[in-house]
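Single-structure report; data block below.
The values are calculated or read from the model by the stated rules, or taken from the named source; none is laboratory data. Keep in mind it's a predicted model, so treat the numbers as computed, not measured. Using ideal geometry, Cβ is built from the backbone for each residue, glycine included, and neighbour counts are taken over all protein chains shown.
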Amino acid sequence: MLYALLCYHDEDVVNSWSKEEDDAVLAKRGRVIQEKIDAGEMGPAIRLVPTSAATTIRASGDEQIVLDGPFAETKEQLLGFYIIDCENLEEAIAFAKRLKEGEATTFEIRPLRIFKKGVLPEKIEATP
């Protein structure tokens, strides 16, 4: 079954990390996800740009309102996500625990249902 691991953290804290601190977190996570990559069970790992670049569309009656910024002001923001293939929720939980080891990050695990495969992954290139 496919799962999304949604990564939440305080955006100001993450953005204050030095390049070395950020690289260390990503390198540690890279070592953990390598086994899923090797098993063909790793989908894309997505890092979202800061919430200052977000746009939210909300309905107000019949009107669609476009707002700058994220939908809600919160202490933690959704900063990215991983798509993984696991046999069950217990396996996804174990993987998420290993991925966040030593970090203050919060992971939310959500089962996925693909309703349309799409073609975009063929156009996406990994960026550092």
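Assess whether Thr56 counts as being polar (S, T, N, Q), more than 13 Å from the chain's Cα centre (by Cα), surrounded by 11 or more Cβ atoms within 10 Å (Cβ to Cβ) and in a loop (DSSP other than H, G, I, E, B). I'd like the intermediate steps shown before the answer.
Details: polar (S, T, N, Q): yes; more than 13 Å from the chain's Cα centre (by Cα): yes; surrounded by 11 or more Cβ atoms within 10 Å (Cβ to Cβ): yes; in a loop (DSSP other than H, G, I, E, B): no.
No.
Return the pairs, sorted by first residue and then second, in which the second residue is of a type in the set (Gly, Ala, Ser), the first residue lies in segment 24-49 and is outside any helix (DSSP H, G or I), the beta carbons are less than 6 Å apart, and the residues are 6+ apart or on different chains.
Once the first residue is outside any helix (DSSP H, G or I) and sits in segment 24-49, its partners that are of a type in the set (Gly, Ala, Ser) give Ile46/Gly80; Arg47/Gly80; Leu48/Gly80.
Pairs only if they're at least six apart or on different chains, beta carbon under 6 angstrom, first in segment 76-87 and buried (at least 19 other Cβ atoms within 10 Å of the Cβ) and part of a strand (DSSP E or B), second modelled with pLDDT under 95 and of a type in the set (S, T, N, Q); list them, first residue then second.
Hits for this filter: Gln77/Thr51.
Would you say Glu91 is in a helix (DSSP H, G or I), surrounded by 10 or more Cβ atoms within 10 Å (Cβ to Cβ), acidic (Asp, Glu) and modelled with pLDDT of 90 or more? Reasoning before the result, please.
Numbers: in a helix (DSSP H, G or I): yes; surrounded by 10 or more Cβ atoms within 10 Å (Cβ to Cβ): yes; acidic (Asp, Glu): yes; modelled with pLDDT of 90 or more: yes.
So Glu91 fits the description; yes.
Within segment 96-107, identify whether any single residue is in a helix (DSSP H, G or I), under 25 Å from Glu125 (Cβ atoms) and either under 16 Å from the mean Cα position of the chain (by Cα) or modelled with pLDDT under 95 (or both), and answer yes or no. Don't jump to the end; show me each part of the working.
So the first thing to find is which residues in segment 96-107 are in a helix (DSSP H, G or I), and the list is 96-99.
Those still in the list that are under 25 Å from Glu125 (Cβ atoms) too: 99.
From the residues that got through so far, the ones that are either under 16 Å from the mean Cα position of the chain (by Cα) or modelled with pLDDT under 95 (or both) too are 99.
So far as segment 96-107 goes, yes, one or more of its residues are in a helix (DSSP H, G or I), under 25 Å from Glu125 (Cβ atoms) and either under 16 Å from the mean Cα position of the chain (by Cα) or modelled with pLDDT under 95 (or both).
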